[in-house]
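Notes to accompany the following structure.
The values are calculated or read from the model by the stated rules, or taken from the named source; none is laboratory data. Being a predicted model, the structure only gives us computed values, none of them experimental. All Cβ positions, even for glycine, are placed from backbone atoms using ideal geometry, and neighbour counts span all protein chains on display. Ligands, DNA and RNA are excluded from the accessible area calculation, which covers all protein heavy atoms including side chains. Shrake-Rupley method; radii C 1.70, N 1.55, O 1.52, S 1.80 Å.
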Amino acid sequence: MLKLFGKSSQEDWLIAGLGNPEPKYDGTRHNAGFAALDELARRWDVPVTKAKFQGLYGIAQQGERKVYLLKPMTYMNLSGNSIGALAAFYKIPPQRVIVLCDDIDQQPGKLRIRPQGSAGGHNGLKSIIASLSSQEFNRIRIGVGKKPSPEYDLADWVLGRFSAEDKKAIEGRWDDLEKACQLIMEGKLGEAQNRYNR
């Protein structure tokens, strides 16, 4: 069970983008979560540069709400170590965590918003579920496209880079992703799903 300690407002939230930290992974499909978090940080004018909790984070002020923006530096498969540590320290329960990650089952640019669920084969989500001792955290999965054939190596696919067309499709959803995060934090998850799960 996630042990919460430290001081925190009831309105504090954590948004974490998943990816791998080395520059060689920049722009890969598996780093779609990092790209999404970087875009939120840019829009909210927040440097994600504080090094702690095995990650880099920054703090955004959204109205009266404090939002921690986190990029785990643990590599994808251990993302939960970083997310669990920050959530415990700032006393943020799983229900106020939003995870941004890639989804190879969806076409590029398609968003899938869910308030809970299994890892669905995603090792980053599996690690977070273990660290939070809960599946009840919000996730926005960003479609990066399916493998071109069943025989295609999965690691090669997720660590490959987007075509110009796919990159444009994903970046075209940043407005929607930002609004979805805001709606979720306002307690309007259903509205976010109805608007943006398309």
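Miscellaneous remarks
- Any hit, the stretch 179-196, residues being at pLDDT below 95 and either touching a helix residue (DSSP H, G or I) at 6+ places or on another chain (Cβ under 6 Å) or open to solvent by less than 40 Å² (accessible area, probe 1.4 Å) (or both): no
- With respect to (1) touching a helix residue (DSSP H, G or I) at 6+ places or on another chain (Cβ under 7 Å); (2) of a type in the set (Lys, Arg); (3) at pLDDT 95 or above, the lone exception for residue 65 is condition (3).
- Test: residue in the stretch 100-115 that is assigned to a strand (DSSP E or B), touching an Asp or Glu at 6+ places or on another chain (Cβ under 7 Å), under 24 Å from residue 179 (Cβ atoms) and in contact (Cβ under 8 Å) with a residue 12 or more places away in the chain: yes
- Members of the stretch 103-128 found to be of a type in the set (Ser, Thr, Tyr) and modelled with pLDDT of 95 or more, listed by number: 127
- In the stretch 53-73, of all residues being touching a Ser or Thr at 6+ places or on another chain (Cβ under 9 Å) and in contact (Cβ under 8 Å) with a residue 40 or more places away in the chain, the one that is surrounded by the most Cβ atoms within 10 Å (Cβ to Cβ) corresponds to 72.
Residue by residue, here is whether (1) in contact with a Pro (Cβ under 9 Å, 6 or more places away or on another chain); (2) open to solvent by 50 Å² or more (accessible area, probe 1.4 Å) holds:
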site: 97; (1), (2): no, no
site: 101; (1), (2): no, no
site: 107; (1), (2): no, yes
site: 112; (1), (2): no, yes
site: 117; (1), (2): no, no
site: 150; (1), (2): no, yes
site: 163; (1), (2): yes, yes
site: 176; (1), (2): no, no
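- Only residues that are under 18 Å from residue 36 (Cβ atoms) and either acidic (Asp, Glu) or open to solvent by 30 Å² or more (accessible area, probe 1.4 Å) (or both) were counted across the stretch 76-88, and they come to 0.
- Strands (runs of 3 or more DSSP E) (entirely within the stretch 34-85) containing at least 2 residues that are of a type in the set (A, V, I, L, M) and touching a Lys or Arg at 6+ places or on another chain (Cβ under 7 Å): 55-62
- Taken as a whole, the stretch 15-23 holds at least one residue that is touching a Lys or Arg at 6+ places or on another chain (Cβ under 6 Å) and touching a residue at least 12 places away in the same chain (Cβ under 8 Å).
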